2 protein chains.
Amino acid sequence: MTSAPRILVVGAGFVGLATAAFFAQKGLRVHVFEKNRLTLESLVTGRLHFLEPTLAEVFRSVLHKGVLTLSEPRPAEYQQSQFVIVAIDSVERNAWKMRSDSFAQIARFVGSVPARRRRTVVLKSTNVLGFSETFRSILDEQPHGDRIDLVVSPEFLREGLAYEDTANPWRVVIGADTPAAAAAYRRLLLELCGQKVPFVQVNPREAELIKLGANVYLAHRLAFVHEIADYCRAEGIDVDAVRRGIGLDPRIGERYFEPGLGFGGSCLPKDCRLINSIEGQGEFFFRTADTALAVNDQVLETAIDRLRSKLGNLKGRRIALLGATFKPDVDDTRDSQAVALALKLKRRGVNLRIWEPLLPGVQRIVAGDLALASTLNEAIEGASAVIIGVAHSRFRRMKPGELARLVRHRVIDDHFRILKRSSWEKQGWEFL
Amino acid sequence: MTSAPRILVVGAGFVGLATAAFFAQKGLRVHVFEKNRLTLESLVTGRLHFLEPTLAEVFRSVLHKGVLTLSEPRPAEYQQSQFVIVAIDSVERNAWKMRSDSFAQIARFVGSVPARRRRTVVLKSTNVLGFSETFRSILDEQPHGDRIDLVVSPEFLREGLAYEDTANPWRVVIGADTPAAAAAYRRLLLELCGQKVPFVQVNPREAELIKLGANVYLAHRLAFVHEIADYCRAEGIDVDAVRRGIGLDPRIGERYFEPGLGFGGSCLPKDCRLINSIEGQGEFFFRTADTALAVNDQVLETAIDRLRSKLGNLKGRRIALLGATFKPDVDDTRDSQAVALALKLKRRGVNLRIWEPLLPGVQRIVAGDLALASTLNEAIEGASAVIIGVAHSRFRRMKPGELARLVRHRVIDDHFRILKRSSWEKQGWEFL
């Protein structure tokens, strides 16, 4: 590539780092801004602050080669970059509001720096519908904002596969007001990815809707299969046979159709809220998004009902919750259903012990201020019930006989059907 | 096949006739019961009472060969049949109640006829959850009910492809209390279809849930894409680009993802109601099913709002509705959204003219007592707005210039985006 463009990535989360590492691996000079000093200090030594095996490896390699650099935000890098990729976390957790101030700050900054040639700002963060128009209008108020093209190109990567999905996306959505605005970014990606990736060229509002809509659809798909699962448990019928029977219709499919404890993570619940956000610039109400959230909450209430009908009053009961992350074998607890269940149980006075093997050394989960036990045994000792909160691989290897000696009652709720039931029942365990 | 079994099919609708024609085409002796004398008289001459090109051809062929026969219900055929396939319409339209009397009559009849060997009754009709248990208990009360195996094997065929889907199903669900009960029917199908079809062997309740669940999922998928479409229209953005961007995620898919005027037909709306029916034997409430119905109704209300914001008060307005069937190029108006829209418009005092080219010679649609115009011109003459109610192929060929001379206002609502907009706009048409 002649006169390879320089890339600036704002935000060193999953999306920012995966994008940065991919571009750097393809030979571009990439600089990453990260505001959080602790995160930054860890990153410059080559250590990621989350679990992403492939990304970690590529990241360390491009860092050592010096093609990827990191720092706190500072003006110089803005001036040298043809592409500014914004990948900051877009919402305040719990309040479910866009971090408008952070975005506005970026817009003001980029728009006030003089530049010889046009530059492209790419919003990879998830937006409420219409947000890019707000961002554009802030750019336009700045002295050099008119030399900036704005592109909305939402990221769809799956956690645990952050690098893989960035390098081989199912599609690239490029939302720009004019074909000219999209052209530079599209050309860059074509050079890096080749023709194999389908491009979807749309306007910014369409790009925002594609991102939110895809996540609402996935959330609803999972909500549906959880309703099926709840019905099956209530009726004592086989949910796996039922979802296979349903999923064999190719218009439905069997993939991404596994019930557990609902859906969580940094995207699905958030986007079900954002699509109906009052900050969004539209009056439309997506009932499907609302229903997905309602079902997701119902899943937890049903789990608690099952405990209650077995144990009676839950107040003061010791209960062990195994796993607190939002999906198996990651260390991310953002919007985890296990955490949501923990909070509901605590509110009912349960004496809860949580063990999360993917967060060794962590003593508390900040969200909800939940204490973590440091060992499995510590968590389950004296428990009246054990709940599998996430389907971590290692839970499959737990020894029912050993654990049986530690608990008060051999009662277990395996929402993910990962335990070999007959072996556990042989040791006197009763499945809820 | 040595000593080929004889098959009795109860009910000559889409499902019954497609099953009968398929079995007969494969060389079995098949007899069909049909209670409705008019339908029967037409069928014995080789004429189907609905539009299914492939089925019609196979049906006439096996009828001529004499391998398929039809009559009103009579005892003799019961005694000679090893398989009794029940394919009657399972619910009363509008009341959304199972036709329990019809099913009970069949159960009493079958159970009271003496037989030398075990027979298998196959319920292909859609049931409320738990209905097969009721059916079984009626069988058990009869003198020979204990010699009957009951199998729930719901049919998933698509209208317009009734024969094709019966001959090449995506899966065959066999719901039986014991493997032995399922064995005879499974063996029969294996001989006819070979190993290529995936079998899902479950219990009757699971089979009922697979059927209802699959349709609820499909209904919800369509509801979702209609919400997306409504938002896109309100914001003036391109729904086809958006659904492509969403559907390129292989967990979502682009198939069966086309917005129009909501979902209709004899299955989807019905099954969204049946799954939550108070007749069902469970206390579970499927919110996803309820939401799909709510969105489906909202689609019509939004369509009316659009008309109203263009035309003002609708009372006394002449409006043309083109198409009344539930999907393109079929002649079935059961639970058609076009009909539902027509009823809503009439309730608002609209002077409605409906043209349905797939029902030539039909003067009224019984549901709602809707009069039909006999020509397109008759329907649109003097209209203040034209609504495309279903995406019939022939509507694509309408001449915007000719029609423009007949209407009062050149206003059209093409929910299906089947018209070449620029050609119509050139003739002065305004799209809602």
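The values are calculated or read from the model by the stated rules, or taken from the named source; none is laboratory data. In this text the structure is predicted, and so the values were computed from the model without any measurement. Methodologically, a virtual Cβ is constructed for each residue, glycine included, from the backbone with ideal geometry; neighbour enumeration extends over all protein chains shown. Accessible surface areas use protein heavy atoms only, side chains included; no ligands, DNA or RNA. Shrake-Rupley method; radii C 1.70, N 1.55, O 1.52, S 1.80 Å.
For the residue pairs B:Lys310/B:Lys344; B:Lys97/B:Lys327; A:Lys124/A:Lys196; A:Lys310/A:Lys344; A:Lys97/A:Lys315, alpha carbon separations beyond 27 Å are given by A:Lys97/A:Lys315. Considering only A:Gly66, A:Gly361, A:Gly236, the Gaussian network model of chain A with Cα springs below 10 Å gives its largest mean-square fluctuation to A:Gly236. Here is the interface size for B with A: some 5200 Å² of accessible area buried, both sides summed, with a 1.4 Å probe. Averaged over the residues of peptide B:198-210, the number of Cβ atoms from other protein chains lying within 10 Å of each residue's Cβ is 5.
Put simply, when B:268-275, B:299-306, B:396-403 are sorted by average Cβ atoms within 10 angstrom per residue, most first, you get B:268-275, B:299-306, B:396-403.
In sequence order, the stretch B:340-357 has phi-based couplings of 4, 5, 4, 5, 5, 5, 4, 4, 8, x, 5, 8, 9, 10, 10, 10, 10, x Hz under the Karplus curve 6.51 cos²θ - 1.76 cosθ + 1.60, θ = phi - 60°, and Gly or Pro positions carry x.
Alpha-carbon geometry of the protein assembly as shown: the Rg and the Dmax are 30.7, 95 Å, given in that order. Using a Gaussian network model of chain A whose springs link C-alpha atoms within less than 10 Å, name the residue from A:Val91, A:Val113, A:Val32 with the highest mean-square fluctuation. Comparing A:Val91, A:Val113, A:Val32 in a Gaussian network model of chain A, the most mobile one is A:Val113. Residues whose amide H falls under 5 Å from that of A:Val202, counting only those 5 or more places apart or on a different chain, are A:Ile174, A:Gly175, A:Ala176, with hydrogens built in the peptide plane.
Counting only Cβ charges, +1 for Lys and Arg and -1 for Asp and Glu, the dipole size of chain A around its Cα centre is about 820 debye. A straight line joining the Cα centroids of the stretch A:280-336 and the stretch B:70-112 runs 45 Å.
Angle of helix B:179-193 to the longest C-alpha principal axis of chain B, folded into 0 to 90 degrees and rounded to 10: 60°.
Across the identical copies, the 7 Å label point of B:Pro75, projected outward along Cα→Cβ, sits 10.2 nm from its counterparts, in ascending order.
May I ask for the net charge around B:Gly247, where only other residues with Cβ less than 12 Å from the Cβ of B:Gly247 are counted and Lys, Arg are +1 while Asp, Glu are -1? So the environment of B:Gly247 carries a net charge of +3. Relative contact order for the stretch B:251-359: what is it in percent, counting Cα pairs under 8 Å that are at least 6 residues apart? Once normalised by length, the contact order is 29 percent. In chain A, Cα pairs under 8 Å separated by at least six residues give a relative contact order of 11 percent.
Of all beta bridges DSSP finds with both residues in the protein assembly as shown, what is the antiparallel percent, to the nearest 5?
10 percent
Largest GNM mean-square fluctuation across B:Leu345, B:Leu43, B:Leu311, computed for chain B with C-alpha springs under 10 Å, falls on B:Leu311. Measuring from each Cβ of chain A to the axis that turns chain A onto chain B, the shortest distance belongs to A:Thr291, 2 (residue, then whole Å). To the nearest ten degrees, helix A:204-235 and the longest principal axis of the Cα atoms of chain A are 10 degrees apart.
Starting from the Cα-Cα distance between B:Thr178 and B:Ile278, subtract it from 0.36 nm times their residue separation and give me the gain in nm to one decimal. The partial results should precede the final answer.
Values: separation 100, 0.36 × 100 = 36.00 nm, distance 2.75 nm.
Separation in residues times 0.36 nm, less the Cα-Cα distance, equals 33.3 nm.
Residues whose amide H comes within less than 5 Å of that of B:Arg99, counting only those at least five positions distant or on another chain, are B:Val91, B:Glu92 (H built at 1.01 Å from N in the peptide plane). What's the local net charge at A:Gln427, with K and R +1, D and E -1, over the other residues with C-beta under 12 Å away? Net of charged neighbours comes to +3. For the stretch A:109-249, the antiparallel share of DSSP beta bridges with both residues in that region comes to about 10%.
Peptide B:278-284 has a mean shielding of 2, counted as Cβ atoms of other protein chains within 10 Å of each residue's Cβ. Less than 5 angstrom separates the built amide H of A:Asn351 from those of A:Gly316, A:Arg317, A:Arg318, A:Ile319, all sequence-distant by 5 or more or on a different chain. Rounded to whole numbers, the Karplus 3J(HN,Hα) couplings from phi for the stretch A:73-89 are x, 7, x, 3, 5, 4, 5, 8, 9, 7, 10, 10, 9, 8, 9, 7, 5 Hz, using 6.51 cos²θ - 1.76 cosθ + 1.60 with θ = phi - 60°, and x at Gly and Pro.
Positive-end ranking of B:Leu358, B:Leu345, B:Ala324 along the dipole of the stretch B:324-375, with charges on Cβ about the Cα centre, is headed by B:Leu345. Between the beta carbons of B:Thr375 and B:Lys344, assuming R0 = 25 Å, the FRET efficiency works out to 0.55 to the nearest 0.05.
About its Cα centre, the protein assembly as shown has a charge dipole of approximately 560 debye under the convention of +1 per Lys or Arg Cβ and -1 per Asp or Glu Cβ, with nothing else charged. Karplus-derived 3J(HN,Hα) values for the stretch A:307-319, using 6.51 cos²θ - 1.76 cosθ + 1.60 with θ = phi - 60°, are 4, 5, 6, 8, 9, x, 4, 8, 4, x, 5, 8, 10 Hz; glycine and proline are entered as x.
In straight-distance terms, cross-link reach from A:Lys420 covers every one of the lysines whose alpha-carbon lies under 18 Å from its own, apart from those fewer than eight places away in the same chain; here that gives A:Lys399. The other copies place their A:Lys35 label points at 7.0 nm from this one, listed shortest first, where each point is 7 Å from Cα along Cα→Cβ.
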